[in-house]
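Heads up: the structure comes next, in structure tokens.
The values are calculated or read from the model by the stated rules, or taken from the named source; none is laboratory data. Keep in mind that what you see is a predicted model, and the values were worked out from it rather than measured. We place every Cβ from the backbone using ideal geometry, glycine too, and count neighbours over all the protein chains shown.
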Amino acid sequence: MGIAVWWIVIGFGVMIAELFLNSFVVVFFGAGAILTGLAIWLGLPTESGLHYLFFVIVSLALLFGLRSHFRRMLKGDVADAGVDEDFVGFEARVIDGFSEQDRGRGRIDFRGAAWQARSAEPTLTAGAVVRITSRDGIVLIVEKV
């Protein structure tokens, strides 16, 4: 078997490995290996090691040039995925904070995890039930129930 065929076989093997890794990175190195095999088959010289440089350049160009495009296409844009639906309208419990000196800021327990929260009401007591009204990054905006 020629070196071009080996590059192509290795490329397909790496692409199949992506199914188990689920990183969406390795597939571009597999595609780079396949393109390197095709380039060798079309006449790219292998004696000087130029095919290794070709592999690295093509793989990195594919990775940085196409990864975000394909990821958005396959998984959807995270900003538009409606992640607020996971928070808004649900109730949580105040852990601490929300005192006069905290100025409406504190921590709440939501689904077993502590979250930074902000409230229009300057004071809330620990254990009080609050409803999540919106989200500002990783800070949940709450109101007293």
Report summary line: Subset of the range 44-53, residues surrounded by fewer than 18 Cβ atoms within 10 Å (Cβ to Cβ) and in contact (Cβ under 8 Å) with a residue 12 or more places away in the chain, comes to 46
Query - Condition met for residue 24 (surrounded by 13 or more Cβ atoms within 10 Å (Cβ to Cβ) and touching a Ser or Thr at 6+ places or on another chain (Cβ under 6 Å)) - result: no
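Condition check ((1) in contact (Cβ under 8 Å) with a residue 12 or more places away in the chain; (2) polar (S, T, N, Q); (3) within 30 Å of residue 141 (Cβ to Cβ); (4) not assigned by TED's automatic domain parsing to the domain that holds residue 140) across all residues:
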position: 18; (1), (2), (3), (4): yes, no, no, yes
position: 42; (1), (2), (3), (4): no, no, no, yes
position: 61; (1), (2), (3), (4): no, no, no, yes
position: 96; (1), (2), (3), (4): yes, no, yes, no
position: 115; (1), (2), (3), (4): yes, no, yes, no
position: 121; (1), (2), (3), (4): yes, no, yes, no
Report summary line: Scanning the range 123-140 residue by residue, those of a type in the set (Val, Ile, Thr) and either outside the structural domain of residue 87 (by TED's automatic domain parsing) or assigned to a loop (DSSP other than H, G, I, E, B) (or both) turn out to be 123, 125, 138
Query raised in the report: For residue 28, which of the numbered conditions (1) at pLDDT 85 or above; (2) within 30 Å of residue 144 (Cβ to Cβ); (3) in contact with a Lys or Arg (Cβ under 8 Å, 6 or more places away or on another chain) fails to hold?
Result: (2)
**Report entry** Considering residues of the range 85-102 that are within 26 Å of the chain's Cα centre (by Cα) and aromatic (Phe, Trp, Tyr) only, the residue modelled with the lowest pLDDT
**Finding:** 87
Report summary line: Condition set farther than 30 Å from residue 71 by Cα, of a type outside the set (A, V, I, L, M, F, W, C) and exposed (fewer than 15 other Cβ atoms within 10 Å of the Cβ), scope the range 113-132, selection modelled with the highest pLDDT: answer is 131
